[in-house]
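Note sheet for the following structure.
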Amino acid sequence: MKEKLHTIPVQDAFGQDCECPICVMYQKLEENAINYTIGAGASYMEEDIRAQTDDQGFCQKHLQDLYVYPNKIGLALILKTHMDKTIKDLEKAAKAPLPSPNSMFRKNAKTSSPVIDYIEAQEQKCFVCGYINQSFESYLRTIFYLYEKEEDFRKQFEESKGFCTGHYKMLFGLAPEYLNKKYLEPFLRTLNGLFLEHFKRVRDDVEWFICKNDYRYREEPWKNAKDALPRALIKTGSVSVPRME
Ligand SMILES: [Zn+2]
Ligand SMILES: [Zn+2]
């Protein structure tokens, strides 16, 4: 079966001036997923979609995003039936025999109960994350496909400003799965070099930001340090915040 490829969004992300093109790709997918979940298409009024949001609920990040979206009644409808399902399932789980005190030899033993099991399973689920991940995986595959097939993309990759730590790990971990013998080693060497070079660059910008807050450096130029913190947030935690001046 031929995998679906996403060459255009991948090349667009790598063409942007940013601290992590994978973060850029992910944010675009996240925006689309939030729109799909609560936007004008009202997917939540479709029975099969609502059954999925009832079951999966949302992670903290995406509950916040959904709340910020200007459709409070849509969110209320989604959360009402999700809460109905949670109540039904937890009422059932709470009927199981209650845990007894830990024995003195197993003081740190984990409490075992269908209540804990249910909530732990729910914590792993999020409708928006699931929707994003359907496409995100093929976006990542597309990076390796283009790296093998297109000289221009290899150049674009090498000229990028590196990646955040999380996406560095992701590319490093997936490369042996997708790249052939000829390209795997150069890819990993380039990836290691890019990550460290640009992580250090942003570390230096943060250092200069600290200096600039010291009166002895007041007359010195800002160089690239003004927005060092938002860029350090991306590099260290894939967190995107509006840039300060
Ligand atoms: Zn990233
Ligand atoms: Zn989520």
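The values are calculated or read from the model by the stated rules, or taken from the named source; none is laboratory data. Remember, it's a predicted structure, so these values are computed and weren't measured experimentally. Because the Cβ atoms are built from the backbone with ideal geometry, glycine has one as well, and the counts that use them run over all protein chains shown. Protein only, heavy atoms only, side chains kept; ligands, DNA and RNA dropped before computing areas. Shrake-Rupley method; radii C 1.70, N 1.55, O 1.52, S 1.80 Å.
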Tell me yes or no: at least one residue of segment 164-172 is within 16 Å of ligand 2 (Cβ to nearest atom) and under 21 Å from the mean Cα position of the chain (by Cα).
yes
Filter result for residue 130 (within 30 Å of residue 41 (Cα to Cα) and either among the aromatic types (Phe, Trp, Tyr) or in contact (Cβ under 8 Å) with a residue 40 or more places away in the chain (or both))
yes
So which of 29, 75 ends up being open to solvent by less than 60 Å² (accessible area, probe 1.4 Å), outside any loop (DSSP other than H, G, I, E, B) and within 16 Å of ligand 1 (Cβ to nearest atom)?
29
Cβ pairs under 7 Å, 6+ apart or interchain, first in segment 164-175 and under 15 Å from residue 27 (Cβ atoms), second part of a helix (DSSP H, G or I) and within 16 Å of ligand 2 (Cβ to nearest atom), ordered by first then second residue, are 164/23; 167/23
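Okay, residues lined up against (1) within 14 Å of ligand 1 (Cβ to nearest atom); (2) more than 25 Å from residue 25 (Cβ to Cβ); (3) assigned to a helix (DSSP H, G or I); (4) small (Gly, Ala, Ser):
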position	(1), (2), (3), (4)
203	no, no, yes, no
220	no, yes, no, no
225	no, yes, no, yes
230	yes, no, yes, no
235	yes, no, yes, no
Return a yes/no flag: does segment 3-13 have any residue that is open to solvent by less than 70 Å² (accessible area, probe 1.4 Å), modelled with pLDDT of 95 or more, out of contact with any Gly (no Cβ under 6 Å at 6 or more places or on another chain) and within 16 Å of ligand 2 (Cβ to nearest atom).
no
Given the conditions (1) in a helix (DSSP H, G or I); (2) open to solvent by 20 Å² or more (accessible area, probe 1.4 Å); (3) over 30 Å from residue 230 (Cα atoms), every one holds for residue 53 apart from (2)
